[in-house]
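So the structure is just underneath, and the comments pick up after that.
Just so you know, all these numbers are worked out from the coordinates, no wet-lab data involved. Because the structure is predicted, anything quoted here is derived from the model rather than measured. Here Cβ is always computed from backbone atoms with ideal geometry, including for glycine, and neighbour counts include all displayed protein chains.
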Amino acid sequence: MRFGKQVVFVTGGSSGIGLATAKAFLSEGAKVAISARNLPRLRAATRSLRTFGDVLPIRGDVSKATDAQRFVLETERRLGPIDVLVNNAGIWIEKDLEAFTEAEYDRVMDINLKGTFLCSKYALPGMVKRRRGVIVNVASDSAFLGAPGSAVYGASKAGLLLMTKCMALEHARDGIRVNAICPGEVRTPMMEADARRLGLRFGEYYRRLSARIPMGRAADPDEIARSILFLASDESSFMTGAALSVDGGSTAR
Ligand code: NAD
């Protein structure tokens with residue numbers, strides 16, 4: 001029970017990596033709040049998580065300041081001061097730069113980058129006051145690897161890495177650590193949506209994708225969750241401002 005009595009807030013906790021992360025924290029004794037936009041999915045996730053422990057669902061959009069502030073206030077009012085913030089909510093749109101609409105560009109940046117800025121902005125003052133806290137930002141291997149179709153998503157994740165470093169330095173003496181995790185390909189609904197977008201059966205899509213990964217397979221969301229728990233735990237007590245790759249070797253080339 002590495003996280004017994006700790007309060008953890010996971011953005012985008014209704015699906016994929018966020019859901020696996022919430023489950024892993026609950027299994028280790030934490031009280032967990034999850035946020036997501038889609039109410040039926042948030043409800044379904046909450047039902048599935050209740051078997052593992054105490055979970056608080058909060059509906060809202062990380063890219064809206066009023067929602068981000070409400071996530072933090074409600075978590076602290078219902079569960080207690082936040083010990084761990086996992087900025088996981090994110091979207092992926094893959095297309096060549098000139099095909100991107102301005103609205104799509106804004107959505108990617110607003111959710112992936114501004115969402116992390118807002119949730120951190122409202123969670124940090126409490127952490128500073130208590131001189132205790134951990135933030136884990138979920139970036140991506142796309143922060144390091146150029147690829148066609150990845151200009152906007154990749155820029156949002158590369159921006160997240162620099163934001164992580166700056167936040168880490170701003171609070172290095174406050175008892176607060178800030179790190180990023182950089183997953184490679186992960187089997188989540190995000191991947192299924194991409195297969196549909198390309199008009200491929202998932203099996204065929206997965207076979208082609210796996211062939212490009214040195215370890216020959218995508219990650220299971222639980223494997224990413226375990227690395228997030230490592231960064232949130234005292235096992236990583238001297239790590240701050242780091243970007244941890246969990247990508248089956250994709251960025252080793
Ligand atoms: P997913 O689509 O399964 O889940 C995304 C979650 O984010 C959902 O809970 C959704 O409700 C939430 N979300 C999206 N926009 C939101 C908003 N505006 N406000 C609140 N919540 C919002 O995705 P996933 O694959 O689990 O991805 C999670 C994170 O991991 C993302 O930041 C993504 O960029 C990153 N990532 C994923 C992969 C992958 O292969 N799946 C690889 C690298 C990085």
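Place +1 on the Cβ of every Lys and Arg and -1 on the Cβ of every Asp and Glu in the chain, take the dipole about the Cα centre, and give the residue among Tyr205, Phe9, Cys182 whose Cα lies farthest towards its positive end.
Ranked along the dipole, the leading option is Phe9.
Do the sum for the chain: with -39,500 (n - 2.57) for every DSSP H run of n ≥ 4, divided by all residues, what is the mean residue ellipticity at 222 nm, to the nearest 500 deg cm²/dmol? The partial results should precede the final answer.
Numbers: 9 runs with 113 residues, N = 253.
Calculated mean residue ellipticity at 222 nm is -14000 deg cm²/dmol.
Tell me whether segment 61-155 comes out rounded, prolate or oblate; compute the Cα gyration tensor, take square roots of the eigenvalues as a ≥ b ≥ c, and use a/c under 1.5 as the rounded threshold. Walk me through the numbers before you get to the answer.
Details: a/c = 3.61, a/b = 2.11, b/c = 1.71.
Judged from the Cα gyration tensor, segment 61-155 comes out prolate (a/c at least 1.5, a/b above b/c).
Expressed in nm², what is the orientationally averaged projection area of the convex hull enclosing the Cα positions of the chain? Don't jump to the answer; show the numbers that get you there.
On the way: hull surface 52.1 nm².
Average of the hull's projected areas for the chain equals 13.0 nm².
I'd like to compare 156-169, 119-132: which one has the highest average count of other Cβ atoms within 10 Å, and what's the full order after that?
Details: 156-169: 19.5, 119-132: 17.6.
Highest to lowest by the protection proxy: 156-169, 119-132.
Between the DSSP loop rule and a limit of at most 15 other Cβ atoms within 10 Å, which chymotrypsin sites (Phe, Trp or Tyr not before Pro) in segment 152-253 are left? Mind dumping the intermediate values first?
Numbers: sites: Tyr153, Phe202, Tyr205, Tyr206, Phe230, Phe238; in loops: Phe238.
Those satisfying the criteria are Phe238.
Given charges of +1 on the Cβ of Lys and Arg and -1 on the Cβ of Asp and Glu, with all other atoms neutral, how large is the dipole of segment 193-253 about its Cα centre, in debye to the nearest 20?
Values: 9 positive and 8 negative charges, 117 e Å.
About 560 debye.
Compare the peptides 133-145, 34-46 by average per-residue count of other Cβ atoms within 10 angstrom and give them in order, highest first. Present the calculation step by step, with values, prior to reporting the outcome.
Values: 133-145: 23.9, 34-46: 18.2.
The packing order, highest mean first, is 133-145, 34-46.
Hey, what do the phi angles of segment 85-100 turn into as Karplus ³J(HN,Hα) couplings, whole Hz, using 6.51/-1.76/1.60 and θ = phi - 60°, x for Gly and Pro?
10, 10, 7, 10, 3, x, 10, 10, 10, 10, 6, 4, 3, 6, 8, 5
Defining a contact as two alpha carbons under 8 Å apart and six or more residues distant in sequence, what relative contact order in percent does the chain show?
Details: 498 pairs, mean separation 49.1, N = 253.
19 percent.
Taking Cα pairs under 8 Å and at least six residues apart, what relative contact order does segment 73-141 come out at, in percent?
Values: 50 pairs, mean separation 35.4, N = 69.
Contact order relative to length: 51 percent.
Counting only C-alpha contacts under 8 Å and six or more residues apart, can you give the relative contact order of segment 140-192 as a whole percent?
That works out to 37 percent.
Angle, helix 151-170 long axis vs. longest principal axis of the chain, Cα atoms, 0 to 90°, nearest 10?
It works out to around 30 degrees.
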